[in-house]
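The structure appears right after this line, and notes come after that.
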Amino acid sequence: MRDQTDSTLHIDNVSMTFTLPNGTSIEALKDVSLELKAGELLSVLGPSGCGKSTLLNIVAGFLAPTDGQVILNNNKVTGPHSERGMVFQQGALFEWMSVRKNIGFGLRMRNVPKSEIREKVDELLEIVGLHEFGDKAIYELSGGMQQRVALARCLANDPDVILMDEPLGALDALTREKMQGLVLKLWKGTGKTIVLITHSVEEALLLGERLLVMAPRPGRIHKEYKLPFAEMGVAADLREVKKHKDYAAKREEILSIIWEMEEEIMGRKE
Amino acid sequence: MLVLTIYIAIFVSAYFIYAFAYGNKAPKRGFNANKTITFGDESAVTSNRTASVISVITIFTIWGAFTGSSLVPLHVPGPFTGDTSFTYTATNADNQQDDAVVYVRVGLVGEEIEDPVAPDVANPGFAIDDVATIRAWRSGLIKVRKNDFGSDAEGYVVSAIDGQPIVPNQTVSVVDGQIRMTGKGTLSFEPNQGWQMEAIWLPAPEAIVKRLIEISRDGYQNVTLSENIGWSLFRVVTGFLLGSLVGIPLGYAMGLNDWFRGWFDPIVEFMRPIPPLALIPLVIIWFGIWEQGKISLLFLAALWIMTISSRAGVSGVSISKVHAAYSLGASKRQVLLHVIVPNSLPEIFTGARVAMGVCWGTVVAAELVAAEKGAGKMIIAASKFQQTDIVIMGIILIGVIGFSIDILMRYAERKLVPWKGKSD
Ligand SMILES: Nc1ncnc2c1ncn2[C@@H]1O[C@H](COP(=O)(O)OP(=O)(O)OP(=O)(O)O)[C@@H](O)[C@H]1O
Ligand SMILES: [Mg+2]
C-alpha cells in the first residue's frame, strides 16, 4: 500500500498572515512552495523572524495556513499526525516518565503490544547510545542526552518526515558536533525525510543535502542550494568535511547573504 | 516585657558565646565550606543546629522559670507565701494615737489555710491586733478598725502604716506587699506577686504533660482525646477530599475550555480572597452547626485553592510537550491523561499542602464556634472552666498535628512527583 502512496512532501503556495489584536497583520510566510522527496535532508536557514518556525508548525499541523496547503501521502495536512514527527529545541520530554517510557510513548498511545515496544525501545537506546540510561529519569540526563532521547522518541513512531526546530540549539559546541554526526547517521540509517531548522550556517551546510535560505517580511524562500557535504559527512569525519575548500567558500557566500539581510532589517527599523 | 527582654538577652548572649567558642572554626562542611561570600548568598545560609537546640531549650527554660516548674532548677521569684505582718497607727476622735499589728497569712489558691494566731503579748490602748488570710496573687480587704475601741466615733481614722502616713486612695509599701486604703478607709493588702505566672495564666510544662497523660487516659468531658482529634481530622480529610474532588476537575475544565473559564473565573476570583472563617456565620445559617455545616465550610476552604492550583497546573504545561504528544499520535484524551495531568501534579501538590493547612486552621476555628467533639471544642470547653492547662495542651496538639500533616504531604510529594522543580 505504501508503494502506491506519494511519500513526497508537497508544500503548495503556503501563506501565513498573523493578525494581531491591534489590527495590524504580519505576513509571516508568503507563497512558499517546496517539494521534498522521501529520504531528502533539508536544512533551513534565515534571519530571526523570517518564518522558519511558522513553516515547520504548518507542516507539523499545529498551524493552519491562511492560504495554500501541505500534502503528504496523498492527504492534505489538517492537524498533527504520527506520520510527521517533531523534535523540539528542549523541554518537550515528559519528566514524569523514564527514558524508556518517553521513547515508547508513541507506541503506547497506539496500543502496540508491550513486548514489541520493549524490543523497539531497546533497539533505539542502542542506536542513540543510551543503552545504560533506559531506566533513568529525564532530569538525571545532560542536555545532549536529552536530545538523544527526543530523537529516539521521534524515531520510535517510524514517521515519514521528521521536523526539527533548532534541535541542537541549546547544546555546547562539542556536544553539538557529536549530535550532528548522530543526525547524519540516523538520516542515512533510516532513510527518513528530515527538515531541520538551524541558526548556524555551519550546521546548515553539514546537515543539508538541500539548503534553503529564507528572507523576512514577507517570509519567503530566498535561495536554494544543493550541497555535497552531508553525503560526505556520512562517510568521513565532520571535521574533515569542514576542511574542504568548497565548504569554506559556500560558508562565506551564505554568511554574506544573511548579513546583507540582517543589515537590511536594521536599516528598515531606523 | 520582662520576658521579652530576657529572651532577647539570651538570644544575643548565646550568639556571642557561640561565635566566641567556635570563632571561624565553626564546623562547615560540604558545598559551602570554601565559599568566601556567604552574606547575600541564600544557598550558603543553612539552619544552625546549635541555634535551633538552644532556641527550644530557651523557650522551655523561660516557661519553666516563670511558672515555678520543678523541671527547671532556676526560677524567677514567686509570689509571697507564708506569714507576714504590718503595723497600723490609728487616730481616734480625741486625736490620740495607738499602734496595733496585723498578722497576715498568705497561701496559694486552693490551699487550705488557717488564720494565723496573734502572739500573746500585751498591747494596751484602743487599737487591737488583727489577723487575716489572703491568697497569693490576690488582694484582700482587712477591716482593722472593727475590733478597735471607739472606732465607731466620728473622726476615728487609720493614719499610718508601718510609720508611713496614709490617706484614702493612697498606696504604701510594706515588707511583703502593698497596702492600699480604699475610698472608705478600709485597708486592702496585696502580697508581693513576684514574677511568676499563676497557673491559671500559664501552667508549668509538667502540669500540661500530666494533663495530657490524664486526658488521653480518661478523656475530657466524656470524650476521649483520640475521639476529639479523630473528629477534627475526619472533618479536615473529608472536606479536603470533597474540595479536591470538585476543585481539581473544575480547575482542569477552566484550564482547557474557554466557556468554563469565562463562567467560573468571576466566581473563583471573588471567592478566593474571602477567608473561610468569614463564611462561618453564613454556613451555620444555611447548614446548621453540626457536621454538615463544618464539612461544607472545609469543602469551600479547600475548593478554591484546589481549583486555582489545578488551573495553574494546566496553564503551566509547556506547549511543546503538548505538541510533541499530538505529533506522537496521542488523542485528546491521551494528552489529558498522560501529559496534562502528570504535568499539573506538582502544582496540585503545592495547592494540596496549602489547602490542608487552611482546612486544619478552619476546622479548629469552626469547632470553637460549635461542636460536640473536636480539638477546638475541647479547648473552648476548657477555657470556660479556666482550665488553662488543657487549653495549652490542646493548642500544642493542634500545632503538632498541623505540622505532621505538612510533613506527611511533603513526603508524599517527594515520593509521587520526584520531578518537581526539575523541569524547564
Ligand atoms: N502566534 C503568533 N502571533 C503573531 N505573530 C506571530 C506568531 N507566531 C509568529 N509570529 C510572527 O511571525 C513571524 C515569523 O515567526 P517565526 O517564529 O516563524 O520566525 P523564525 O524564523 O522561526 O524566528 P527565530 O529564528 O527567531 O525562531 C515573526 O515576525 C513573528 O513575530
Ligand atoms: Mg523559530
Can you tell me how many residues within the stretch A:161-199 are within 14 Å of ligand 1 (Cβ to nearest atom) and part of a strand (DSSP E or B)? 6
Within the stretch B:240-255, is there a residue that is over 23 Å from B:ALA366 (Cβ atoms), free of Cβ contacts under 8 Å to residues at least 12 places away in the same chain and either open to solvent by less than 50 Å² (accessible area, probe 1.4 Å) or not assigned by TED's automatic domain parsing to the domain that holds B:ARG333 (or both)? yes
Based on what the data block shows, is A:LYS242 away from ligand 1 (no atom under 15 Å from the Cβ) and assigned to a helix (DSSP H, G or I)? yes
Mind listing just one residue for me: the one in the stretch B:327-357 that is surrounded by 23 or more Cβ atoms within 10 Å (Cβ to Cβ) and more than 46 Å from the chain's Cα centre (by Cα) and, of those, farthest from A:ARG153 (Cα to Cα)? B:ALA330
Just to check your reading of the model, which residue among A:PHE94, A:PHE88, A:PHE105 is in contact (Cβ under 8 Å) with a residue 40 or more places away in the chain, of a type in the set (Phe, Trp, Tyr) and touching a strand residue (DSSP E or B) at 6+ places or on another chain (Cβ under 7 Å)? A:PHE88
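Could you tell me whether B:ARG145 is under 30 Å from B:LEU4 (Cβ atoms), in a loop (DSSP other than H, G, I, E, B) and open to solvent by 60 Å² or more (accessible area, probe 1.4 Å)?
The answer is no for B:ARG145.
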Between residues in the stretch B:386-397 that are buried (at least 20 other Cβ atoms within 10 Å of the Cβ) and residues that are modelled with pLDDT under 90 and not in a helix (DSSP H, G or I), which pairs lie under 6 Å by C-beta distance while being six or more apart or on different chains? B:THR388/B:ILE200; B:THR388/B:PRO203; B:ASP389/B:PRO203
Within the set of pairs 6 or more residues apart or between chains, which connect a residue that is more than 10 Å from chain A (Cβ to nearest Cβ) inside the stretch B:314-339 to a residue that is among the aromatic types (Phe, Trp, Tyr) and assigned to a helix (DSSP H, G or I) with Cβ atoms less than 7 Å apart? B:VAL314/B:TYR252
Which condition does B:THR362 not pass, out of (1) out of contact with any Pro (no Cβ under 8 Å at 6 or more places or on another chain); (2) closer than 20 Å to B:GLY239 by Cβ; (3) open to solvent by less than 20 Å² (accessible area, probe 1.4 Å), if it passes all the others? (1)
Among the listed residues B:THR307, B:THR224, which satisfies the condition of being more than 26 Å from the chain's Cα centre (by Cα) and β-branched (Val, Ile, Thr)? B:THR307
Any residue at all in the stretch B:96-103 that is surrounded by fewer than 18 Cβ atoms within 10 Å (Cβ to Cβ) and in a loop (DSSP other than H, G, I, E, B)? yes
Of the residues A:GLU116, A:GLU166, A:GLU126, A:GLU95, only one is in contact with a helix residue (DSSP H, G or I) (Cβ under 9 Å, 6 or more places away or on another chain) and more than 14 Å from chain B (Cβ to nearest Cβ); which? A:GLU116
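Collect the residues in the stretch A:70-82 that are at the interface with chain B (Cβ under 9 Å from one of its Cβ atoms) and either within 17 Å of A:ALA38 (Cα to Cα) or touching a strand residue (DSSP E or B) at 6+ places or on another chain (Cβ under 9 Å) (or both), keeping them in residue-number order.
Of everything in the stretch A:70-82, those that are at the interface with chain B (Cβ under 9 Å from one of its Cβ atoms) and either within 17 Å of A:ALA38 (Cα to Cα) or touching a strand residue (DSSP E or B) at 6+ places or on another chain (Cβ under 9 Å) (or both) turn out to be A:PRO80, A:HIS81, A:SER82.
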Would you list the strands (runs of 3 or more DSSP E) that sit entirely within the stretch A:1-117 and hold 3 or more residues that are more than 16 Å from ligand 2 (Cβ to nearest atom) and either at negative phi or crowded, with 16+ Cβ neighbours inside 10 Å (or both)? A:9-19, A:25-36, A:67-72
Which numbered condition in (1) in contact with a strand residue (DSSP E or B) (Cβ under 9 Å, 6 or more places away or on another chain); (2) within 13 Å of another protein chain (Cβ to nearest Cβ) is the only one that A:ASP67 fails? (2)
In this structure, is A:ALA156 at pLDDT 85 or above, over 23 Å from A:LYS52 (Cα atoms) and open to solvent by less than 10 Å² (accessible area, probe 1.4 Å)? yes
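The values are calculated or read from the model by the stated rules, or taken from the named source; none is laboratory data. In this text, all values refer to a predicted model and were calculated from it rather than measured experimentally. Heads up, the Cβs are rebuilt from the backbone with ideal geometry, glycines too, and the neighbour counts pull from every protein chain shown. These area figures cover heavy atoms from the full protein model, side chains too; ligands, DNA and RNA do not enter into them. Shrake-Rupley method; radii C 1.70, N 1.55, O 1.52, S 1.80 Å.
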